[in-house]
Amino acid sequence: MPKLPKIAINGTYIQEQASGLGVMNQNLIAELLSKSKQFDFKLYSHADYFESSYPKQTTVVDSALSPDRGFSGHIKRIFWYQTQLKQQLKKQKADLFFSPVYEGMFFPNVPQVVTVHDLIPLKYPEVSPKWKYYYQYALPFLLKQSQAIVCVSEYTKQDIIKTYGLDPDSIDVVYNGYDRNLFYPQANPEILQKYNLDKYLLYVGDMRFYKNLSRCLEAFNRLADKNCKFVITGKKDNFFYPEIERQVAKLIAKDRVVFLDYVPQEDLPSLYSMAQALVFASLYEGFGLPVLEAMACGCPVITSKVTSIPEVGGDSILYVDPYDVDSIVLGMNRVLSDRQLRTNLSHAGLARAKLFGWGKAAQNICQIFEQLTVNSDR
């Protein structure tokens, strides 16, 4: 029986309270590890989940590499790629290294595949000023040292081609998925009781200003329906939450704005399922995971027709102009007042969500591995 190609996976970008990138990484990596008949995988991670679920495939690394450690964790991780990881890959006799994030080895000792989700630090440097320089100088060098690049949307692919002058043939688009065992229509009245909710619009995500939560709140304040709440999930961070909190305090509708803070993953599907709509009028997304999760739960979606979002939503969601508060107000009023529209959006979203999945994403990634390892054997 021929030996399987040895694929090393970067699993260091996992958070304890996973959101966004952490959720994507955990789901994709779990799917990849399940395909052990195709490849001999070795995962490098500090996450308890992988250590307990895939003990034979997981090499435990220092938890100081976690993104939960802030900027120091990022610096330690980047240094680890260039030193200990390279030693481990040599010892493992790895055939390929896959990083599901925008990090890796600057001088790789095996073929390397790196993933780019977005270029937010370049588009909005004030959000993460320290990372702007990494994206300006380090990331383009890293990408040019990589055998292949994965982008999570066509928009991101075109963005990095234009920004870094990369060869389009070296870039593959692999869309994110969602956990189909978790995200499906499930109305659970106990969740409404837990969070003291009835009729509500939902926002899922962090509070960075490009998420456009400020305009959404202004629009909510002008709604005709005064019985509806605006529910905000997402961690109350020390950087962006205080400004949103100050804005809410000045609203006429302030008593109907509900901050839930970080919501456990298992509660999210019911919150999506029972919402009148997800309001996600973001100005920039590399993919837009909440849009996909909401559609999978049959939740109508009000969102922006900008950047990557139309690739996810297609014709199954209601688009508004994210820069125009009047447009957002109109979108909210339409969905709240028209039951048939909500039903149509729900059915269309459910059908659209079936096009995406982590199994499909993992299979597409494995095809890239196969092409690279087969070519290297010739």
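The values are calculated or read from the model by the stated rules, or taken from the named source; none is laboratory data. On a predicted model such as this, the values are computed, not experimentally measured, just so you know. Here the Cβ is made from the backbone with ideal geometry for all residues, glycine too, and neighbour counts use every protein chain on show. The accessibility values were calculated without ligands, DNA or RNA, using every heavy atom of the protein model including side chains. Shrake-Rupley method; radii C 1.70, N 1.55, O 1.52, S 1.80 Å.
Tabulated values for the structure
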{"item": "Residue list for region 349-362, restricted to those being in a helix (DSSP H, G or I), of a type outside the set (D, E, K, R) and in contact (Cβ under 8 Å) with a residue 40 or more places away in the chain", "result": "349, 350, 353, 358, 359, 361, 362"}
{"item": "Pairs, first touching a residue at least 60 places away in the same chain (Cβ under 8 Å) and within 21 Å of residue 198 (Cβ to Cβ) in region 315-337, second of a type in the set (Phe, Trp, Tyr) and part of a helix (DSSP H, G or I), C-beta under 7 Å, six or more apart", "result": "332/220"}
{"item": "Yes/no for residue 254 being surrounded by fewer than 16 Cβ atoms within 10 Å (Cβ to Cβ) and of a type outside the set (Ser, Thr, Tyr)", "result": "yes"}
{"item": "Residue within region 39-50 that is assigned to a loop (DSSP other than H, G, I, E, B) and not small (Gly, Ala, Ser) present", "result": "yes"}
{"item": "Hits in region 256-300 (condition: under 22 Å from residue 190 (Cβ atoms) and among the acidic types (Asp, Glu))", "result": "261, 266, 267, 293"}
{"item": "Single match in 217, 192 (criterion: out of contact with any Gly (no Cβ under 7 Å at 6 or more places or on another chain) and open to solvent by 20 Å² or more (accessible area, probe 1.4 Å))", "result": "192"}
{"item": "Considering residues of region 51-72 that are in a loop (DSSP other than H, G, I, E, B) and in contact with a Phe, Trp or Tyr (Cβ under 6 Å, 6 or more places away or on another chain) only, the residue least open to solvent (accessible area, probe 1.4 Å)", "result": "61"}
{"item": "Region 164-190 residues that are within 13 Å of residue 354 (Cα to Cα), paired with ones that are surrounded by 14 or more Cβ atoms within 10 Å (Cβ to Cβ) and among the β-branched types (Val, Ile, Thr) (beta carbon under 8 Å, 6 or more apart)", "result": "175/152; 175/312; 176/152"}
{"item": "Residue check for residue 78: under 18 Å from the mean Cα position of the chain (by Cα) and either within 26 Å of residue 173 (Cα to Cα) or modelled with pLDDT of 95 or more (or both)", "result": "no"}
{"item": "Meets criteria (aliphatic (A, V, I, L, M), surrounded by fewer than 21 Cβ atoms within 10 Å (Cβ to Cβ) and on the phi < 0 side of the Ramachandran plot) for residue 75", "result": "yes"}
{"item": "Only listed residue being under 18 Å from the mean Cα position of the chain (by Cα), assigned to a strand (DSSP E or B) and not charged (D, E, K, R), chosen from 283, 278, 292", "result": "278"}
{"item": "Single condition residue 35 does not satisfy, out of (1) open to solvent by less than 10 Å² (accessible area, probe 1.4 Å); (2) assigned to a loop (DSSP other than H, G, I, E, B); (3) closer than 30 Å to residue 204 by Cβ", "result": "(1)"}
{"item": "Residues (among the β-branched types (Val, Ile, Thr) and either touching a strand residue (DSSP E or B) at 6+ places or on another chain (Cβ under 6 Å) or surrounded by 17 or more Cβ atoms within 10 Å (Cβ to Cβ) (or both)) located in region 78-115", "result": "78, 101, 110, 113, 114, 115"}
{"item": "Residue count, region 195-214 (criterion: open to solvent by less than 40 Å² (accessible area, probe 1.4 Å), among the small types (Gly, Ala, Ser) and modelled with pLDDT of 95 or more)", "result": "0"}
{"item": "Members of region 116-160 that are open to solvent by 10 Å² or more (accessible area, probe 1.4 Å), touching a strand residue (DSSP E or B) at 6+ places or on another chain (Cβ under 7 Å) and within 26 Å of residue 305 (Cβ to Cβ)", "result": "154, 157"}
{"item": "The lone exception for residue 273 - which of (1) more than 24 Å from residue 175 (Cβ to Cβ); (2) open to solvent by 20 Å² or more (accessible area, probe 1.4 Å); (3) small (Gly, Ala, Ser) it fails", "result": "(1)"}
{"item": "Residues of region 244-268 classified as in contact (Cβ under 8 Å) with a residue 24 or more places away in the chain and either part of a helix (DSSP H, G or I) or small (Gly, Ala, Ser) (or both), total", "result": "9"}
{"item": "Residue 231 being surrounded by 21 or more Cβ atoms within 10 Å (Cβ to Cβ) and either among the hydrophobic types (A, V, I, L, M, F, W, C) or over 25 Å from residue 179 (Cβ atoms) (or both)", "result": "yes"}
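Matching residues to (1) in contact with a strand residue (DSSP E or B) (Cβ under 9 Å, 6 or more places away or on another chain); (2) of a type in the set (Ser, Thr, Tyr):
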position	(1), (2)
226	no, no
233	yes, yes
239	no, no
245	yes, no
254	no, no
257	yes, no
276	yes, no
281	yes, no
